[in-house]
Structure formats: C-alpha cells, structure tokens
Amino acid sequence: MKYISTRSKDNPINSAEAILKGIADDGGLFVPEKIPTVSSKDLEEMLKMSYEKRAAKILGKFLTDYTADELSEYAELAYNWFDAKSRIPMAVLVRNNDNRAPYGILELWHGPTSAFKDVALQMLPRLMTGALKKTGEQKEILILVATSGDTGKAALAGFADVPQTKVMVFYPDGGVSKIQRLQMVTQTGNNVNVTAVRGNFDDAQTGVKKIFADEKIRDELDKAGVKLSSANSINWGRLVPQIVYYFSAYLEFVKTGKMKLGEFINVSVPTGNFGNILAAYYAKKMGLPIRKLICASNINHVLTDFFNTGIYDRNREFHKTITPSMDILISSNLERLIFHESGGDFKQVKRFMTDLNEKGKYKIDAKLKKNFDKIFFADYADEAETKDIIGKLYQSFKYPIDTHTAVAMSVALKYRNKTKDGAPMVVASTASPYKFTGAVLEALGQSVEGADDLKQLDLLNKFTGKPIPKNLDRLADAKILHEDVCEKDEMPERVIAFAKK
Ligand SMILES: *Cc1c(COP(=O)(O)O)cnc(C)c1O
C-alpha cells in the first residue's frame, strides 16, 4: 500500500515514510492510494479477537510495510494498560421494555490522559520508531507540539521515554485549565520538555509553525543530529489507529446480541479537526456496514453549514464554548475527504485549499455535494442543548457524559427524530466526564462555587459515585517537574537548547 499527497501527483511512498514526514512537501496530506477492504469473513474472525488483535489486523491493511508481528507488539504496548479490560468499552443504553435500537456510547477515554487522543497518541510513537528503523534514519526525532490543553499531555504520555525521540510541548501561560497544566507539568520521562509561553494559544502555535518553517533552525538541529516532526492529527499515523474502534464498536453490538453481522449502524462523532469522523469514513469505505456518519458540531458550526450548503466559510465569529476541543474553524482533515470523494482530483483540492487560505472560503460543486449527502448528516448542538442532554441522560441511565460526547448525543437524537432511521447508533465519547467537570457538574444541577478543578473531581465523584480516573486523581500530590516559562520570541532558542541536551 502506497501513500500519495492530496495536492499533487507526487511519487507514492510507503506508510513508514508518510508517518515520519507527517505532511507532504507540497503542503498536502498523505492518503492511501486505494482504500483496503474487509470481508464478512474478516469481520467474523474479528468478533472473537481482543481489541489489540483487532487493531493489529486493521492496521495491517493500511501499513503494509510493517510486519504483522511488529503491529501486534505495538498494539500490545499501546493498549494493554488502558484502564478497562476491553480497552475501549461501549456502554449500551436501552430503556427497559424499549425495543428501539440502542445507543452505544463508545468510551474512547480509558487511556493515560482520559481523552480519546490517547488511542492514537499511544500508537503513533511505536509507529514512528518502527519507521525510523525501516527508513534507516539515524537522527533523533523531536516532536514539537503547541497545545491549548489536551493534545500536549496525550503527546507527552505517548512519547515519554520512547527511544530515539524527544517531545517538547508549549502551552499558553495561564491559558489552560488547572488540571490540564498539572497533567503536563508533572510529566515524567528523560526525553520530555514542557514550557509555558507568555501569550495565548495562537502565539504558541504561530511560534511552533515558524520553527518548522525556519531553515536556519532546521540546519542547526540537523547538525545536532535532530529532525523535527509533528504529532498533530494530520499525521497518517494518528488517523489509522482511530479506524479500529469503529470496527470494535460494531462487533460489540453483534457480540451482545443487539444486531446481526451485516446489519447497518449509524455513527455520531463530536467533530473538530475532522480526524475522528474521517476515521469512521475510512471504516465505512472499507466495508463496515455504517449507513450515516453524523457530523456533530457546537456553535462554531462551520461543518454543519458546509455539509448543508456546500460552502465552507471560516469568515465568522469565533465562540469559546464548554466543548473547547471543538472550537475550531479550520478542519484540516476535510481535505482528505474531498480528495477521496472527488475521485482523487488533486487539482481541485489544491484550488479549494488556496481559496480557503486566501479568501477563507470555497464552494464545492453539486456532484461532490451529492456524494457527501449520501454519507453524512450534519447538525449542531448549542450550549443549552449540550447541558440539557447531560442532565437527561443522567436522569434516565445514571450515566454521566462529558460535554463533547453530549454534543454528539444531542445531534444523534436530532438525526433519529428527523429521519426515523432507528438503526443502532454508536456515539463517540471523546473524553471522560472528569475532564470537563465544571460544565458537567452544572449540567447535573450541582453548584461549583468556590471549588477549583481538583475539588470538582471530588464533587463529581460524590454525586455520581463513578471512580475518578487514576491519572487525574493523582494530580493533587504529583511532583511539579517543569516550571520553564519563556517569551514567544525565545521559543527557537528553547527548542535548540532542548534538542542539544
Ligand atoms: C480532539 C477532540 C475532539 C475533536 O476531534 P477531531 O478528530 O479533531 O474532530 C472532540 N472531543 C474531544 C474531547 C477532543 O479532545
């Protein structure tokens, strides 16, 4: 299986090279030349497998330059310590005496940072070290991350102590929650650095982008035996591990007798950068029986408008919401979808991306829109609807969900009401409710007055009786290991100093 860019007719490369490069030289994203398929026999075989085995099997279809043994080993290392026996369990919600098809809340947050990014960021470092070996790369890889909170910690947890790699995270000083900061500054490992930047998230991100684009810095790092790379969600190595859990969710519905092999499900995903839902799209294209992909947004609903009108327009007011991981106006991974559904029309992709860059908008033609209409349903939930569904679900099932999951749940209900399509529904649950305690407690009618982030963990625990994830519970006593702060202009020298360490 070879990988090509979405923006030009470059030479196809292996997956190991695509994972190391992250982004194509022409600025496009790497996509598989052909999407592999699964047979019903494959699905039947996978029914009996553990999550790790399922992961190795699906990864093997895309990453054909890795051996089956390598992928099995990586999957073990990545997932064997998720704090649920089945790694990614699905809570199936059905009312008594209700024979309508169930909702399956796919808990993607049992990893080391309690958010779904762990599923990919526990795998990516293994894929990268494998890729270093395969390509004969001798240099050390330095993963550079600017974070508004969650990605930074997930990257640190994934890359900590991984040989031949270093990871450095910049976060806005005072711009992340207390818990998010504690998660990062208490990170152990000999190859990690966490630095606060005086400025906001944009300053940190711009700083990182400048470093990536600066040839002089690259040269200096090169001489020190270090190569920069990125762990953000456009890396193919982050996308492919996410395809696995849609298979797993489907198989769980079959295993628990909720439906038969071959029947259709729907999938609802709280969407930001379009990575998670794109993984579901690949699962569907591979032959997993998914009827509709439900693209759920918050009030920054660029994607809802895009799927409903065919116009992508980022020129609009930006709202800060209780679902911060979805506060995004440019969904990078959409580029891959457009490439595939336009039959690989890289010239068109390039035109759209240039328009997006220069005018902040682009319009797709009727044919492409028709293709999307067949696959997607898009809608959004506002802040009140998001809180409302958290309360209602708790009332009915004593099951607390986080705000992002609530957006997906709310839009899933809208879909069912509008279409009467009653197929079993998988709702991607992207964070533990303990990650967004303030909004969750409020939605459950609990006062958070005078309680800081850490105290709120206890409040939610007292109210729901659900255990606090260990990684969060430990934070109050964990040792602070990273206290570096820098001005945004100092970021390059900090990177160089850490690279030479
Ligand atoms: C990153 C994230 C999302 C958005 O996922 P994308 O792949 O960027 O669409 C949703 N919810 C949570 C909790 C996240 O961390």
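Extending 7 Å from Cα along the Cβ direction at K85 and again at K139 yields two label points whose distance is 4.7 nm.
Please give the charge dipole size of the chain, origin at the Cα centre, charges +1 on K and R Cβ atoms and -1 on D and E Cβ atoms. Round to the nearest 20 debye.
Numbers: 71 positive and 63 negative charges, 311 e Å.
That gives a dipole near 1500 debye.
For the cross-link pairs K2/K53; K57/K418; K347/K387, the ones whose C-alpha atoms lie over 32 Å apart are K57/K418; K347/K387.
Give me the 1.4 Å probe accessible area per residue for the chain, excluding ligands and nucleic acids, in Å². Don't skip to the end; give the middle numbers.
Values: 20860 Å² over 501 residues.
Accessible surface, normalised per residue, equals 42 Å².
Modelled this way, with points 7 Å down the Cα-to-C-beta line, the labels at K53 and K210 are 5.3 nm from one another. For segment 440-469 versus segment 285-364, the inter-centroid distance based on Cα atoms is 35 Å. How big is D, in µm² s⁻¹, for the chain by Stokes-Einstein at 37 °C and 0.692 mPa s if Rh is the Kirkwood radius over C-alpha pairs? Stokes-Einstein gives a translational diffusion coefficient of 142 µm²/s. Judged by the mean number of other Cβ atoms found within 10 Å, the most tightly packed of the peptides 132-144, 408-420, 429-441 leads the ranking 429-441, 408-420, 132-144.
A simple count of charges around K153, restricted to other residues whose Cβ falls under 10 Å of its Cβ and scoring Lys, Arg +1 and Asp, Glu -1, yields 0. Relative to a virtual label point 7 Å from the Cα of M1 in the Cα→beta-carbon direction, which members of segment 240-266 show backbone nitrogen distances below 12 Å? In segment 240-266, the label zone of M1 (backbone N under 12 Å from the point 7 Å along Cα→Cβ) covers 240-244. From most to least packed by mean Cβ count within 10 Å, the peptides 470-483, 394-407 give 394-407, 470-483. The simple Förster model, with R0 at 30 Å and r as the Cβ-Cβ distance, assigns D345 and K418 a FRET efficiency of 0.45. Under 13 Å of direct C-alpha separation, and excluding same-chain neighbours fewer than eight residues apart, K117 reaches these aspartates and glutamates: E107, D150. Highest mean first, the peptides 197-204, 82-89 sorted by other C-beta atoms within 10 Å per residue fall in the order 197-204, 82-89. In straight-distance terms, cross-link reach from K350 covers every one of the lysines whose alpha-carbon lies under 19 Å from its own, apart from those fewer than eight places away in the same chain; here that gives K9, K359, K361, K363, K367, K369.
Can you tally the net charge around I35? Count Lys and Arg as +1, Asp and Glu as -1, for every other residue whose Cβ sits under 13 Å from the Cβ of I35. Taking every Cβ under 13 Å from that of I35, the sum is +4.
Calculate what fraction, in whole %, of the accessible area of segment 39-144 sits on carbon and sulfur atoms when a 1.4 Å probe is rolled over the protein chains. List each step's numbers first, then the result.
Working: 2160 of 4470 Å².
Using a 1.4 Å probe with all protein chains present, segment 39-144 comes out at 48 percent carbon and sulfur.
Between E73 and R474, the C-beta separation translates, for a Förster distance of 41 Å, into a calculated FRET efficiency of about 0.90.
So if R0 is 22 Å, what FRET efficiency would K320 and K361 give, r being the distance between their Cβ atoms, rounded to the nearest 0.05?
On the way: r = 22 Å, r/R0 = 1.02.
About 0.50, to the nearest 0.05.
Name the shape class, rounded, prolate or oblate, that the alpha-carbon gyration tensor gives for segment 345-501, where a ≥ b ≥ c are the square roots of its eigenvalues, rounded holds for a/c under 1.5, and otherwise prolate holds if a/b is larger than b/c and oblate otherwise. Working shown, then result.
Numbers: a/c = 2.72, a/b = 1.09, b/c = 2.49.
Cα axes put segment 345-501 in the oblate bin.
When +1 charges are put on Lys and Arg Cβ atoms and -1 charges on Asp and Glu Cβ atoms, the dipole computed for segment 116-170 relative to its Cα centre reaches about 140 debye.
Within a Cβ distance under 13 Å of L121, other residues only, what is the Lys/Arg minus Asp/Glu net charge? Here the charged neighbours net out to +2. The orientation-averaged projection of the convex hull spanning the C-alpha atoms of segment 144-300 amounts to 12.2 square nanometres.
In whole percent, how big is the carbon plus sulfur part of the accessible area of segment 152-307, probe 1.4 Å, protein atoms only?
On the way: 2280 of 4990 Å².
The value for segment 152-307 is 46 percent carbon and sulfur by accessible area.
Heavy-atom accessible surface of T147, to the nearest 10 Å², is about 0 Å², with a 1.4 Å probe and all protein chains retained.
Which whole number in µm²/s is D for segment 354-436 by Stokes-Einstein, with the Kirkwood Rh taken over Cα pairs at 10 °C and 1.306 mPa s? The partial results should precede the final answer.
Working: Rh = 15.0 Å.
Estimated via Stokes-Einstein, D reaches 106 µm²/s.
Across the alpha-carbon atoms of segment 94-163, the computed radius of gyration and Dmax are 18.0, 62 angstrom.
The values are calculated or read from the model by the stated rules, or taken from the named source; none is laboratory data. Quantities reported herein were computed from a predicted structural model and do not represent experimental measurements. Glycine also receives a Cβ, built like all others from the backbone with ideal geometry; neighbour counts cover every protein chain displayed. Accessible surface is based on the protein model in full, side chains and every heavy atom, while ligands, DNA and RNA are left aside. Shrake-Rupley method; radii C 1.70, N 1.55, O 1.52, S 1.80 Å.
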